[in-house]
1. Against the condition modelled with pLDDT under 95, outside the structural domain of residue 117 (by TED's automatic domain parsing) and outside any strand (DSSP E or B), how does residue 176 come out, does it pass?
2. State whether one or more residues within the stretch 164-173 are crowded, with 21+ Cβ neighbours inside 10 Å and under 30 Å from residue 107 (Cα atoms).
3. Of all residues in the stretch 80-132, which are under 20 Å from residue 241 (Cβ atoms) and in contact with a strand residue (DSSP E or B) (Cβ under 7 Å, 6 or more places away or on another chain)?
4. Examine the stretch 62-72 for a residue that is exposed (fewer than 15 other Cβ atoms within 10 Å of the Cβ), within 12 Å of the ligand (Cβ to nearest atom) and over 26 Å from residue 304 (Cα atoms), and state whether such a residue exists.
5. Starting from residues that are touching a helix residue (DSSP H, G or I) at 6+ places or on another chain (Cβ under 7 Å), near the ligand (Cβ under 10 Å from one of its atoms) and not in a strand (DSSP E or B), keep the ones in the stretch 1-15 and report whichever is farthest from residue 33 (Cα to Cα).
6. So, in the stretch 93-104, exactly how many residues are surrounded by 19 or more Cβ atoms within 10 Å (Cβ to Cβ), under 16 Å from residue 303 (Cα atoms) and in contact (Cβ under 8 Å) with a residue 40 or more places away in the chain?
7. Residue 59 versus (1) surrounded by fewer than 23 Cβ atoms within 10 Å (Cβ to Cβ); (2) more than 16 Å from the ligand (Cβ to nearest atom); (3) over 24 Å from residue 99 (Cβ atoms): which is the lone unmet condition?
Ligand code: TXD
């Protein structure tokens, strides 16, 4: 029996996820959006391409939450994306209203689903979904660290002219300018990058990682990155759907871990069939701890603006 995956938001990221999830036969896809015809048109287009990937899955579009009934996994991208000159935080008020509506729809029609939140500002949106839905913390996880870590890995691989496959990296903290790429834990086939790249180049790579989202927004001008975010959400979805116990940087509800209580923050965790299976606490030196705490405080200030 194939899993049922509901994508709430049929825009740029939602469309790419629907295509990738279907063609990799990760489950039957319901693409939901408030715009009439948009999810139905994208779903029909993707479904008609399925024979080219030997993909025997159902892909449907929907404008009614009733059609997500019983979904096993829900991935939420509903909300506005940034335009040039905007920060992720600028999306808070608009996307907060949308997220509350989405949380109510998912709570009513897919009460047992595992949920991956993608919408920005991510740390505040996943917190909002958790509060409104009342779902347990293992079933509500935010996607940001997988994308930020992928960007960090790509920049390191390009710097060294090595395979991206051999670069591992972790980016912790909030999904914004205060994110914390952990240089000490970044390796190429186990070799610390500090033994392969100069300090100034590492600093440049760290800065580019933090600004990578804005770099794409400035080039696209009409929206934000969508292929790599879609791929990142699918990395998390696959870990859950296949019970892979992946160790990934995800936005999780901390209840004492890292000295944080009651906030969603990006940390390493184990993802499997039960969603968030456990948070992994890595040692942070004084400098890393300071940067992490600063990032947590930024998340806290954002969440303080939310009334639920
Ligand atoms: O790493 C990350 N987490 C970020 C997330 C990476 C990149 C993009 N990030 C955020 O994801 C971005 O800032 C947005 O907040 C979301 C979705 O980005 P996307 O590029 O997919 O935005 P689009 O193309 O505008 O799609 C959003 C869709 C659009 O089709 C709207 O009609 C729909 O959301 N929408 C709704 N769907 C359901 N319910 C409601 N209320 C609703 N309102 C709008």
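1. On the way: modelled with pLDDT under 95: yes; outside the structural domain of residue 117 (by TED's automatic domain parsing): yes; outside any strand (DSSP E or B): yes.
So residue 176 fits the description; yes.
2. Within the stretch 164-173, one or more residues are crowded, with 21+ Cβ neighbours inside 10 Å and under 30 Å from residue 107 (Cα atoms).
3. 106, 110, 113, 114, 115, 116, 117, 118, 126, 129
4. yes
5. Only one residue tops the list, namely 13.
6. Of the residues in the stretch 93-104, 1 are surrounded by 19 or more Cβ atoms within 10 Å (Cβ to Cβ), under 16 Å from residue 303 (Cα atoms) and in contact (Cβ under 8 Å) with a residue 40 or more places away in the chain.
7. (1)
Yes or no, residue by residue, for (1) closer than 30 Å to residue 68 by Cβ; (2) away from the ligand (no atom under 14 Å from the Cβ):
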position	(1), (2)
115	yes, no
132	yes, no
138	yes, yes
149	yes, no
178	no, yes
198	no, yes
208	no, yes
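The values are calculated or read from the model by the stated rules, or taken from the named source; none is laboratory data. Treat the numbers as computed from the prediction; the structure is a model and nothing was measured. Here Cβ is always computed from backbone atoms with ideal geometry, including for glycine, and neighbour counts include all displayed protein chains.
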